[in-house]
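Below you will find the structure I want to go over with you.
The values are calculated or read from the model by the stated rules, or taken from the named source; none is laboratory data. If you're wondering where the values come from, they're calculated on a predicted model, not measured in any experiment. Here the Cβ is made from the backbone with ideal geometry for all residues, glycine too, and neighbour counts use every protein chain on show. Heavy atoms of the whole protein, side chains included, go into the accessibility calculation; ligands, DNA and RNA do not. Shrake-Rupley method; radii C 1.70, N 1.55, O 1.52, S 1.80 Å.
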Amino acid sequence: MKHATFFHNKQPEKEPLSLGKLSLFMWVVPALSFYLSVVTYTLRQQTSRITASDYIHSASLIDASAWTAKATGKRASSESVKQRTVNATKNIPSRVWNKSESGFPCYSGQKGLMIQKPAHEGFLFQRPKKVGSTTMVSVVLRLAHNRSPWLNKTSGVPTKEQLKCSHRSMHGDALGLEYDKRDRSKSFLFSLLRHPTKRAISEFFHFLVSIYDVEPTDANFKGFLSTPELQHNYLYDLSLANYTRSKAAATRSFLKMHNFSSVAELQKQFKNKNGNSRKLRRRLTEHIRIGKTPLTKVVQDILDGYDFIAITERMDESLVAMQMLLNLTTKDVLYTRARSSGSFSNGPKENPCIYIQPSFLTPSMKEHLESPEWQHTIRGDMLLYEAANASLDRTIEALGRKEFQKNLAALKAGLELAEKHCKGRVRSSCTEGGDQIPMHNRTCYIWGEACDHECLNDLALP
C-alpha cells in the first residue's frame, strides 16, 4: 500500500514533503537559531578553558549509563529501561485537589476571547498541544459567559464589549503567561494531560502529516520523535519555576559537565549526523529547562502550583471532579464530540480546511516507541502524567466516591441527551466535505471554539 492512500481525496494533488525538507523550516532552522544564539552569547562570556568530570544527571529516572557506552559498551534493553522506570516511579508524587471555598472564580476585566497576555486571576486553563483540549476550551468559554453577571443574557448573542469572567485558554507555557504570579485566592489554575506517547503520535499526524503533507514513513516518524522539543514537553509547559538562571548560564554548566572545552566544540558535535548528536541536543534542552533538579521535585512543584490537572483518557471523571471542586452543575461541564481524525478542521490561511489524517502505527514505529531512547525522552512527562492520575484517584476518594459516582452517572446521561439535542446544530469552521464555513454562519464563540454553546445552553436536563 502506498502512503498516498492515507491522504483524503479532498486535498489538492501535490508532492508530499519529506520530513527532512520540512524540518528546514519547522524544526532545524528554529532549533539552530536557538542553539546558535545561546552558544554565541556563551562564547562571549567564556574567558578560559573549561574542564570537569563527566555529566551525571541527578534528575534521571533512568540511569545515564543506559544512554552511553562509556561504562558497559552496551545499549540498555527496552525491558531493563522499563524495569528501572517502574522501580523509580513507585513513589509517584500526588496530592488531593482541594475544594474551592469561593466556588467558580469569576472576576471582571475581559472583553475579548482567546487572549494571550498574562493573567493573574480568573479561570486559567494551561493548555498543552494535542491533548484533546478543544473539549475543555468549550467548557471554559461557556462558563466565562454563563457565569458573568455583566453580560446581557436576554439580548441574544453577547457583544464583544460586554465583560466575561476573566479566563485564559490559549496555548503557551505557564511562565510566559505569568501563572507563577497569580493571586491564588482569586484564580483557579488547571491543565489537561494525555498519555505522552499518544500526544506525540497525534502531533505528528495532525501537524506534519495533515497540515504539511509530510509522508507518514517510519523514518519521518522517528525523526520527529527525536526533536529536542519533545523532551519534557509537559514539564516545560506547566512548570511555574525557573530551574536555571538563564539559557547562557545553563549552557556553560552543560559544557562543564560534558567536558567540552568550548562552545565551538559543542557546535561541532551538533553537526554530526548520528544518534549521539540527537541525544546531546536533548540533554542540552533538558538541562536548559530543568537543570539538575530531580524530576520528582519538578513534578511535585507542578502539583503544588496547580488547583487541578485533568486527564484526557479520563475526561468524564475529570470534569465531574472539577464540577465538585468548583461547586458547578452537570450542565456546566457538558460537551459534544469535538473535531477528530477522519474529519476536516481549521488549518492555515492558505488551506483553511485540512483533513485530519487518522493515525496509524507500523511495526517499526511501535518498536521505536518501546525503545530506551523514547522511554528516556518521555520519562519526565510520564512521571507527571502518572502523578496527575494518582491525584485524581485520591481526589475522588476525598470527595466521596458515592456522591462522585452519582454525579458521574448524571454527566453520562446528560452527554447522551446533548448528542441528540445538538445533532445538526453545531457548525464549526469546516463542513463535512471540507469547505470553509463563513464566520457569520458558525455557531462558535470564536474561530472554531465552543461551537456547541448554543445548543448546550438551551438543553433542559431532567
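Would you mind checking Lys130/Lys222; Lys111/Lys412; Lys129/Lys164 for any pair whose Cα atoms are more than 29 angstrom apart? Please list the in-between numbers first.
On the way: Lys130/Lys222 18 Å; Lys111/Lys412 33 Å; Lys129/Lys164 25 Å.
Cα-Cα > 29 Å for Lys111/Lys412; rest within.
What is the extension gain from Ser359 to Asn276, computed as 0.36 nm multiplied by their sequence separation minus the C-alpha to C-alpha distance, in nm to one decimal? Working shown, then result.
Values: separation 83, 0.36 × 83 = 29.88 nm, distance 2.89 nm.
Gain on stretching Ser359 to Asn276: 27.0 nm.
Tell me the label-point distance for the pair Glu367, Tyr212, using the 7 Å Cα-to-Cβ offset, in nm and rounded to one decimal.
2.6 nm
Tell me, what is the per residue accessible area of region 136-250 in Å², probe radius 1.4 Å?
Values: 4240 Å² over 115 residues.
Each residue of region 136-250 exposes 37 Å² on average to a 1.4 Å probe.
If we sort 115-127, 436-448 on the protection proxy, mean other Cβ atoms within 10 Å, highest first, what's the order? Before the final figure, lay out the partial values.
Values: 115-127: 19.2, 436-448: 14.8.
Top of the packing list down: 115-127, 436-448.
Now a separate question. Taking region 267-402 on its own, what percent of its Cα-Cα pair distances exceed 17 Å?
Working: 6900 of 9180 pairs.
Summing the P(r) of region 267-402 above 17 Å gives 75 percent of all pairs.
Let me ask another. List, largest first, the extents of the alpha carbons of region 213-283 along their principal axes, each in whole Å.
Largest to smallest, the principal-axis extents are 39, 33, 17 Å.
Calculate, in nm to one decimal, what Gln267 and Gln162 gain on full extension: separation in residues at 0.36 nm each, minus their alpha carbon distance.
On the way: separation 105, 0.36 × 105 = 37.80 nm, distance 5.30 nm.
Taking Gln267 through Gln162 to full extension adds about 32.5 nm, to one decimal.
Beyond 23 Å between alpha-carbons counts as too far, so tell me which of Lys279/Lys366; Lys198/Lys423; Lys247/Lys268; Lys402/Lys423 fall in that bin.
On the way: Lys279/Lys366 20 Å; Lys198/Lys423 28 Å; Lys247/Lys268 19 Å; Lys402/Lys423 32 Å.
Where the Cα-Cα span goes over 23 Å, the pairs concerned are Lys198/Lys423; Lys402/Lys423.
If you don't mind, another one. Determine how many Å³ per residue the convex hull of the Cα atoms of region 364-462 encloses.
202 Å³
For region 166-245, state what percent of all Cα-Cα pairs lands in each successive 5 Å bin, counting from 0 Å until the bin that includes the largest distance.
Pair shares across the bins are 3, 12, 20, 19, 15, 13, 9, 6, 3, 1.
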